[in-house]
Amino acid sequence: MSDTANKNRAPIGIFDSGVGGLTVARHLYKLLPEEDVVYFGDVGRTPYGGRSKEIITRFTRQDIAFLLEHDVKLIICACNSASSVALDELVKEHTIKMLGVIQPGVEAAVKRTGNGRIGVIGTNATIGSNAYASRIHLIDPKIKVFSLACPLFVPLAEEGYIDKEATYLIARDYLKTMHEVGIDTLVLGCTHYPLLKQVISDVMGDKVALIDSGEETARVAHDTLIGTGLLRPSDGTESTGERRYFVSDVPEKFEHVARKFLGEPINKITRVDISGY
Ligand code: DGL
């Protein structure tokens, strides 16, 4: 058997600072149900979004080292904060194909905007890095980008505050300026924000298109596997691939929140000591 034939049965590795990456996994499972997946959630050190570039890079390097131990064929960095500040540097340290969530979100937003005014919301790390804006400008320097950190959206999503009045109040306050600048496209540049899609959409109105970077990344992962010949060959049974979950702290809490993020219960959660990587 050739190397590619062996490799295409290997799992896809996906990681995030915690549970958030499951919103990306959810789309991946829809598009690539037969693929085996190894998910690592760094719940012991979450959130990444308020941390420095140095710390996020150190954590991300360890997350990648852990996935490489599982002989994955592709690594998806589902975390916007890690994709923004660490991935460019870490990609250079490995030969394996790695995807971040920024570029897919950028390309979808540029394609979608009609008036050339795009909003981007994310964690402090993502917004502070300017990763979305600079990549949008590489494609089209004339586009106006309005970036805004919305850190409270992360705990709201994790606590299940997805349709509460408190969430509407915070969203209205955060997004006031986005209204004023007349964007027609808003990038949800954080793993957690798709859970608040309804609230954000109600607040922004139906003239503003919401771009889910995670959904776009799942599409790119699908195309990448086809393009590289690494798509798992169908065995004709259409069975669902094996999905294994690893976390750096209490698996029970991960399981509880994961149901909301993935939309289904999960099993096979293993706790690992990430400090050893
Ligand atoms: N996963 C992070 C992101 O997409 C959000 C949570 C965190 O700050 O770690 O930026």
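FYI, it's all coordinate maths here, none of it is from the lab. It should be emphasised that the depicted structure is a prediction, and the values quoted were computed from it without experimental measurement. Glycine gets a Cβ as well: all are built from the backbone with ideal geometry, and neighbour counts include every protein chain shown.
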Notebook entry, point to check: Order of Met178, Met204 from fewest to most other C-beta atoms within 10 Å?
Noted result: Met204, Met178
Next item on the list: Report the charge-dipole magnitude of the stretch 1-131 in Debye, nearest 20, computed about the Cα centre from +1 at each Lys and Arg Cβ and -1 at each Asp and Glu Cβ.
Entry: 460 debye
Check: Looking at the stretch 160-197, which trypsin sites (Lys or Arg not before Pro) are in a loop (DSSP not H, G, I, E or B) and have at most 15 other Cβ atoms within 10 Å?
Finding: Lys164
Notebook entry, point to check: How long is the stretch 1-99 along each principal axis, judged by its Cα atoms, biggest number first, in Å?
Noted result: 45, 28, 19
Notebook entry, point to check: Rounded, prolate or oblate: which one fits the stretch 89-185, using the alpha carbon gyration tensor with axes a ≥ b ≥ c (rounded when a/c is under 1.5, else prolate when a/b beats b/c, else oblate)?
Noted result: oblate
Notebook entry, point to check: So how much slack lies between Leu31 and His137, counting 0.36 nm per residue of separation and subtracting their Cα-Cα distance, in nm?
Noted result: 35.2 nm
Check: Hey, what did the chain get for relative contact order, percent, Cα under 8 Å, at least 6 apart?
Finding: 28 percent
Checklist line | the stretch 208-272: C-alpha gyration tensor shape, a/c 1.5 cut-off, then a/b vs b/c | finding: oblate
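List the relative contact order of the stretch 203-277 as a percent without decimals, with contacts defined as Cα pairs under 8 Å and 6+ residues apart.
Once divided by the residue count of the stretch 203-277, the mean separation gives 25 percent.
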Check: Going out from 0 in 5 Å bins, what whole percent of all Cα-Cα distances in the chain drops into each bin?
Finding: 1, 6, 13, 18, 19, 17, 12, 8, 4, 1, 0, 0
Note to self: Averaging the inverse of every distinct alpha carbon separation and then flipping it gives the Kirkwood radius. What is it for the stretch 13-166, in angstrom units?
What the structure shows: 16.3 Å
Check: Ranked highest first by the average count of other Cβ atoms within 10 Å around their residues, in what order do 237-247, 147-157 fall?
Finding: 147-157, 237-247
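Evaluate the charge dipole of the stretch 105-220 about its Cα centre and quote only its size in Debye, nearest 20, assuming +1 on the Cβ of each Lys and Arg and -1 on the Cβ of each Asp and Glu.
Dipole about the Cα centre, nearest 20: 460 debye.
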Checklist line | Selection from Leu188, Gly18, Leu225, by position along the positive dipole direction of the chain (Cβ) | finding: Leu188
Margin query: If each residue of separation counts as 0.36 nm, what is the full-extension length gain between Val250 and Asn130 once their alpha-carbon separation is subtracted?
Written below: 39.9 nm
Item checked: Estimated vicinal HN-Hα couplings, Hz - the stretch 48-62 in sequence order (Karplus 6.51, -1.76, 1.60; Gly, Pro = x) -> 8, x, x, 9, 7, 4, 4, 5, 4, 5, 5, 4, 5, 4, 5
Next item on the list: For the stretch 199-277 and the stretch 169-185, write down the distance between their C-alpha centroids in whole Å.
Entry: 28 Å
Check: Which listed residue (Gly263, Leu152, Ile121) has the Cα farthest towards the positive end of the charge dipole for the chain, taking +1 on Lys and Arg C-beta and -1 on Asp and Glu C-beta about the Cα centre?
Finding: Ile121
Check: Dipole of the chain, Cα-centred, from +1 at each Lys and Arg C-beta and -1 at each Asp and Glu C-beta, to the nearest 20 debye?
Finding: 500 debye
Item checked: Overall form of the stretch 163-277 per C-alpha gyration tensor (a/c, 1.5; a/b vs b/c) -> oblate
Check: Can you give the extra length, in nm with one decimal, that the chain gains between Lys7 and Arg58 once fully stretched, where that is 0.36 nm per residue apart less the Cα-Cα distance?
Finding: 15.6 nm
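Taking the highest mean first, how do the peptides 32-41, 227-236 order by number of other beta carbon atoms within 10 angstrom per residue?
Details: 32-41: 21.6, 227-236: 12.2.
Order by mean packing, descending: 32-41, 227-236.
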Checklist line | Cβ-Cβ FRET estimate between Gln198 and Lys176, R0 fixed at 30 Å, reported to 0.05 | finding: 0.95
Notebook entry, point to check: In the stretch 31-138, what trypsin sites (Lys or Arg not before Pro) fall in a loop by DSSP, with at most 14 other Cβ atoms inside 10 Å?
Noted result: Lys92
Margin query: With an 8 Å Cα cut-off and a minimum separation of 6 or more residues, compute the relative contact order for the stretch 18-134 in percent.
Written below: 27 percent
